[in-house]
Amino acid sequence: MSPYAGRLPNGLRLSVEPLPGHGSGLVSVALTVAVGGDDDPAGQHGMAHLVEHLMFPRMGGDDGLDSHVARVEGAGGVCNAETHRDHTVFHTTVPAGMLPDVLEWEARRLLTFAPEEAVLRTETGVIAEEIRGAAAGGRFWETALEALHPGSRDSFGTPEELAGITAADATAFFRRHYRADALVLSVTGDVDADRVAASVDSLFAPLPAGTAPADDPVAAPHPAPVPVPASASASASASTPASTPAPIRTAPLPSPVSGVALGYPLPDPVSHRHAYLAQVVLAEALGRHRLPQLTRRDSRLTSARITCGYHGQWLASAAPDLALVLLARAPGVSAEEAVDSWLEVLRDAAERPAGADEHQRAVNALLLACHRTADSLTARSVTQGRTALLFPGSGGLAALPGDLARVTPDDVSAAARVLLSGPCSVTELGENR
């Protein structure tokens, strides 16, 4: 059944996808906001992440028994949120009968956002722990993004700048960015579209729309995308480029395994969607077949993998987006030797298109991932919101199988040539660096 799509007079976008019987009588609600780490004001890195945390208010005391999370969990549901570089999403999944309550709670926390200083200080402490955990896991993706797009920032923030943010700062940021015309509310599951639309119209109509006051804090400038050749078609030149740009080297990062992280800018997933998906298929094909073969025959590498998109989530962010290659090298192998090993595989992919079977296995694996997403109500509602916000007109989950099927082996070889001819960041990984 095609999702219902509409817009309230204040600009809030609504998407409802009725799936009677799907998920055993469950419903998922995602609230997607057009604000993320890229919108953090200068000197307040982490503001969007902090406001996400503050959107889970406590009611009636500090014990948390009447908090937003407690209400959802008390109804037999689950809820969470994520702050990305270019958007923030809040998602809740509950028994279908609780949908009216969930919609009321969502509207209430938007309309009554008023954090207290004590709560804000608690949440900055929580985020500081998240930042330390992320650093321990390696900041490979964020380092590549900063190298390829100078001025870009991750969505976590820094403890130092978070410590200086006040409740008034957070409230001003919220009022500037959490406007009705910057919101997408997507509802998926065992629901009636007309009833949902009527409830949303009543509950969310009071939300303000329009631009923020001119004296609100201004976000730091967004990074300018690095130009990337968009072509991924069979008509692209079949020859490997005679020369490539010098790699952009970053400071080394600590890692329990010695290796190298390589970052590559991806085509714009909106204006060059086919080229973007060709890169996704290339990554899947290399990861499933050619990179395992490489590590078996080449003693310089102990492992090699490639992912597309924000921490491996393709189509989870608009441009700029990245492909990330992680290479683990054997003892005594230099970073340059590890990179040379990878480039041999990439040149082979550029010059020798995959056979029909190899190509179809990669596409099938991606289609399976799409079907798994379609089977999850939470993932469906989140994807609907992202599609409406970041990839308008793309067709969302329903269009992806056809889009992937149109990617050919020649398109994938052309995608490899794009990586060879474009910019690349190189980060050496190792102990005590």
What are the residues whose amide H is under 5 Å from the amide H of Cys424, where those residues sit 5 or more places off or on another chain and H is modelled from the backbone?
Ile248
Find how many whole Å separate the alpha carbon centroid of segment 103-121 from the alpha carbon centroid of segment 389-433.
38
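By the gyration tensor of its Cα atoms, with a ≥ b ≥ c the square roots of the eigenvalues, what is the shape of segment 312-423: rounded for a/c under 1.5, prolate for a/b over b/c, or oblate? Present the calculation step by step, with values, prior to reporting the outcome.
Details: a/c = 2.14, a/b = 1.70, b/c = 1.26.
Since a/c reaches 1.5 and a/b is larger than b/c, the shape of segment 312-423 is classed as prolate.
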Answer rounded, prolate or oblate for segment 234-375, using the Cα gyration tensor with square roots of eigenvalues a ≥ b ≥ c: rounded when a/c is under 1.5, else prolate when a/b is larger than b/c, else oblate.
rounded
Cα-centred dipole magnitude for the chain, charges only on beta-carbon of K, R (+1) and D, E (-1), debye, nearest 20:
1040
Can you give me the angle between helix 409-421 and the longest principal axis of the chain, using Cα atoms only, in degrees from 0 to 90, rounded to the nearest 10?
80
For the chain, set up a GNM with springs between Cα atoms under 10 Å and report which of Arg121, Arg361, Arg195 has the largest fluctuation.
Arg195
For the chain, with +1 on Lys and Arg beta carbons and -1 on Asp and Glu, the positive-most of Pro41, Leu429, His91 along the dipole
Leu429
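Which net charge results for the neighbourhood of Glu161, defined as the other residues with beta-carbon distances under 13 angstrom from its beta-carbon, given Lys and Arg at +1 and Asp and Glu at -1? Intermediate values should be presented prior to the final figure.
Working: positive: Arg153; negative: Asp40, Asp154, Glu160, Asp169.
Once positives and negatives cancel, what remains is -3.
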Run the helix sum for the chain: -39,500 (n - 2.57) per DSSP H stretch of 4+ residues, divided by residue count, reported at 222 nm to the nearest 500 deg cm²/dmol.
-13000 deg cm²/dmol
For segment 309-318, take each phi angle, set θ = phi - 60°, evaluate the Karplus expression 6.51 cos²θ - 1.76 cosθ + 1.60, and give the result in whole Hz per residue in order, putting x for glycine and proline.
x, 4, 6, x, 9, 7, 6, 10, 7, 7
For the chain, take the longest principal axis of its alpha carbons; what is the angle in degrees between that and the long axis of helix 273-285, to the nearest 10 within 0 to 90?
60
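Summing Lys, Arg as +1 and Asp, Glu as -1, what charge do residues with Cβ under 14 Å from the Cβ of Gly309 carry, Gly309 excluded?
Working: positive: Arg85, Arg273, Arg305, Arg386; negative: Glu82, Asp86, Glu142, Asp268, Glu284, Asp321.
So the environment of Gly309 carries a net charge of -2.
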Degrees between helix 167-177 axis and first principal axis of the chain (Cα, 0 to 90, nearest 10)
70
Residue-count net charge about His359 - beta-carbon cut-off 11 Å; Lys, Arg +1, Asp, Glu -1:
-3
Positive dipole terminus of the chain, leading residue within Pro320, Ala350, Pro267 (C-beta point charges):
Ala350
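Rule-based calculations on the coordinates, nothing more; no lab input. Note that the structure is predicted; figures quoted are calculated from it, not measured. Every residue, glycine as well, gets a Cβ built from its backbone with ideal geometry; the counts of neighbours run over all protein chains shown.
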